[in-house]
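The structure appears right after this line, and notes come after that.
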Amino acid sequence: MTYYDQISAGYEELHREEQEKKIKIIKQVVNIHENDLVLDVGCGPYYGGFECKIIGLDPSIELLKQAKIPVVLGIAEKLPFADNTFNKVISLTAIQNFDDIKEGLLEMKRVSKESCIFTFLKKSKNSQTISELINLYFNVNKIIEEEKDFIYFVFV
């Protein structure tokens, strides 16, 4: 059982408000259309906020049981989707938890046709590495420094 499986009962209380705040910021910057197909990597229980076709992916089966969208049990480093499947890929405060950050980022780039939106904790021990990898492998359009997170808007 993973850490997130163990805390799944209280996950919403711990993280919902923070995630909704990031979604609101993202919606102010990027247009996600109702016909867009979006992958949410590390979706957890997914709280909504995007009016589009969305699929969630997470390694925590207990969090996925709470989701109200189509979901896939899996990890970012081995996405079970074909190249260029999604218009956009989002990952909200999950990248710092990947076992292989570079591979996870490259996989998200592989399955995205257009762009990605990444958020990650500023205080993460991997924060600098994540920033460097995003800048190396993506065309960064905008960076927002939020209270706890960096929000990167990138083109693939």
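The values are calculated or read from the model by the stated rules, or taken from the named source; none is laboratory data. Here the structure is a predicted model, which is why all the values come from computation and not from measurement. As a convention, Cβ positions derive from the backbone with ideal geometry for all residues, glycine included, and neighbour counts pool all protein chains shown.
Details
- Residue match in segment 17-29 (condition: charged (D, E, K, R), surrounded by fewer than 19 Cβ atoms within 10 Å (Cβ to Cβ) and in a loop (DSSP other than H, G, I, E, B)): no
- From the options Phe86, Phe98, Phe81, residue that is within 14 Å of Val156 (Cα to Cα) and either buried (at least 22 other Cβ atoms within 10 Å of the Cβ) or modelled with pLDDT of 95 or more (or both): Phe86
- Of all residues making up segment 14-55, the number that are among the aromatic types (Phe, Trp, Tyr) and either in contact with a Pro (Cβ under 7 Å, 6 or more places away or on another chain) or within 23 Å of Tyr3 (Cα to Cα) (or both): 2
- Some residue of segment 38-61 being in contact (Cβ under 8 Å) with a residue 40 or more places away in the chain, among the charged types (D, E, K, R), part of a strand (DSSP E or B) and buried (at least 16 other Cβ atoms within 10 Å of the Cβ): yes
- Taking every residue in segment 74-102 that is in contact (Cβ under 8 Å) with a residue 60 or more places away in the chain and pairing it with any residue that is outside any strand (DSSP E or B) and not hydrophobic (A, V, I, L, M, F, W, C), at least 6 positions away or on another chain, the pairs with Cβ-Cβ distances below 7 Å are Leu92/Gln19; Leu92/Lys22; Leu92/Gly42.
- Put simply, of Gly74, Gly104 the only residue that is touching a Leu at 6+ places or on another chain (Cβ under 7 Å) and among the small types (Gly, Ala, Ser) is Gly74.
- Unmet criterion (only one of (1) more than 25 Å from Gln6 (Cα to Cα); (2) crowded, with 20+ Cβ neighbours inside 10 Å; (3) in contact with a strand residue (DSSP E or B) (Cβ under 7 Å, 6 or more places away or on another chain)) for Leu105: (3)
- First in segment 131-156 and in a loop (DSSP other than H, G, I, E, B) and at pLDDT 95 or above, second anywhere and surrounded by 13 or more Cβ atoms within 10 Å (Cβ to Cβ) and of a type outside the set (S, T, N, Q), Cβ under 9 Å, 6 or more apart: Phe138/Leu105; Phe138/Lys109; Phe138/Cys116; Phe138/Phe118; Phe138/Tyr152; Phe138/Val154; Phe138/Val156
- The residues of segment 64-78 that are crowded, with 16+ Cβ neighbours inside 10 Å and of a type in the set (A, V, I, L, M), listed by number, are Leu64, Ala67, Ile69, Val71, Ile75, Ala76.
- So Glu132, is it of a type in the set (Asp, Glu), touching a strand residue (DSSP E or B) at 6+ places or on another chain (Cβ under 9 Å) and surrounded by fewer than 17 Cβ atoms within 10 Å (Cβ to Cβ): no
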